[in-house]
Structures are given as structure tokens and as C-alpha cells.
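The values are calculated or read from the model by the stated rules, or taken from the named source; none is laboratory data. Treat the numbers as computed from the prediction; the structure is a model and nothing was measured. All Cβ positions, even for glycine, are placed from backbone atoms using ideal geometry, and neighbour counts span all protein chains on display.
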Amino acid sequence: MSYGQHIIPHNFSVTKEGRNSLYGHLSGVFWLTGLSGAGKSTLADLASKRLFEHRIGHYILDGDNTRKGLCHDLGFTMEERRENIRRVAEVARMMSDAGLVVLVSLISPMQDDRNLARAIIGQSQFFEVFVDCPVEVCVSRDPKGLYQKAMAGEIVQFTGIDSPYEVPECPDLTLDTASGSREELAVEFVDFILHRIK
């Protein structure tokens, strides 16, 4: 028997707007998407340091980190990837509601799944950031040795090798890590964030 129809969310007294006023900035979710090795986590980390200096309440939801806990039971089929994105989007929505700026670093290869995240979080709270880097460059970097394993057949359903990646249709921001300095791109990213939360 399902109890879902009997669940009634509670409306609490302190609102997101109240928390935004308390913290002195708006909240929002900045969703970094791109291939493994494109530099998503590195950019999120560099941006985090700058946001901390600006005294902006924020948190990073990183793909590998969330798969160690929140999504440890999921594999890498398309259905499981979609569920992974759904779970992370729900957490990001709650953290944004709590008044935080949320940096999500997640490959999230399919446009439909990123659209799902946008729908969960809300159009006005979701900003898609495409960390653009050709697969050839990502393969040459291969910081975790995953491309080498994928090309040797030791890992299957690896994005960019035997699983597709759909380039964002209309990203809110594109950061080209194949040619740009990580530090300069982090400054550009933080400027983009600050203009949307101040």
C-alpha cells in the first residue's frame, strides 16, 4: 500500500527569502556539466575559495563525492545516471532553499536529465555552466586514469568513450578549459555567480 497520496508538506515560518535577507545574498544552483577531466571539480574548488573570501554561504555537490554516500547504490546505466541527477538536484534544491549558493559538479551527460534538474530546482534558481573541453584533451589529461581503463575495456558505459555526451543547447555560461587558464576561468565564473546573487 502506498502512502504517497497522504503526504502533505509542512509550510515552515522561515522562508527562503528570509534566509536570503539574513545572509545578505540570494541563493541559486550553478550546475557545472562537462566530460570527465574537463575541469569541473577544479573550477568549483577555485570558485569556492573566492566565494569564501566574499563571505558567500555556499557548498559543492561533487559527482564522485555524492556517489560515495547519497548515490552509492547507483551504477552507470542511463536510468541510474538519471536517478543520480534527480537525487543531487533534490538536495541542491533544498540547499538553495536554505539560502546557499550551490555548485554542482556532475558530468550529467544528457540534455533531458539536465532539463529534469532545472525543473526540480526551478528555472529562476538553476544556471547551467558548460565546462567545455574536447574529449581528446580530456583523454590526454586523464587525471584519474579512467579514460585509459575505459579504452582498455576495464570500464564500460564511460562518457565520451562508449557512452554519449550531449553538449548543452543553451548554457547560461560556457567555460573553455582547453585554452583558458583555470584561475582566470574561476574569476569569470565567480563574477557570473556574484552578478546573479547580489
Conditions (1) free of Cβ contacts under 8 Å to residues at least 60 places away in the same chain; (2) buried (at least 20 other Cβ atoms within 10 Å of the Cβ); (3) part of a helix (DSSP H, G or I); (4) in contact with a Ser or Thr (Cβ under 8 Å, 6 or more places away or on another chain); number of the one not met by residue 61: (3)
Which residue, of 136, 90, 183, is without any contact (Cβ under 8 Å) to a residue 24 or more places away in the chain and in a helix (DSSP H, G or I)? 136
If you go through 52, 30, the only one that is farther than 19 Å from residue 157 by Cβ, modelled with pLDDT of 95 or more, among the aromatic types (Phe, Trp, Tyr) and loosely packed, with under 15 Cβ neighbours inside 10 Å is 52
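For the range 157-177, which residues satisfy the criterion of being of a type in the set (A, V, I, L, M) and modelled with pLDDT of 95 or more? Give the derivation first.
Filtering the range 157-177 down to residues of a type in the set (A, V, I, L, M) leaves 161, 167, 173, 175.
Listed by number, the residues that qualify are 167, 173, 175.
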Which ones in the range 79-103 are out of contact with any strand residue (DSSP E or B) (no Cβ under 8 Å at 6 or more places or on another chain) and surrounded by fewer than 19 Cβ atoms within 10 Å (Cβ to Cβ)? 79, 80, 82, 83, 86, 87, 90, 94, 97, 98
Taking the condition aromatic (Phe, Trp, Tyr), outside any helix (DSSP H, G or I) and more than 11 Å from the chain's Cα centre (by Cα), does residue 76 pass? yes
Unique match (being part of a loop (DSSP other than H, G, I, E, B) and either among the charged types (D, E, K, R) or touching a residue at least 40 places away in the same chain (Cβ under 8 Å) (or both)) among 38, 44: 38
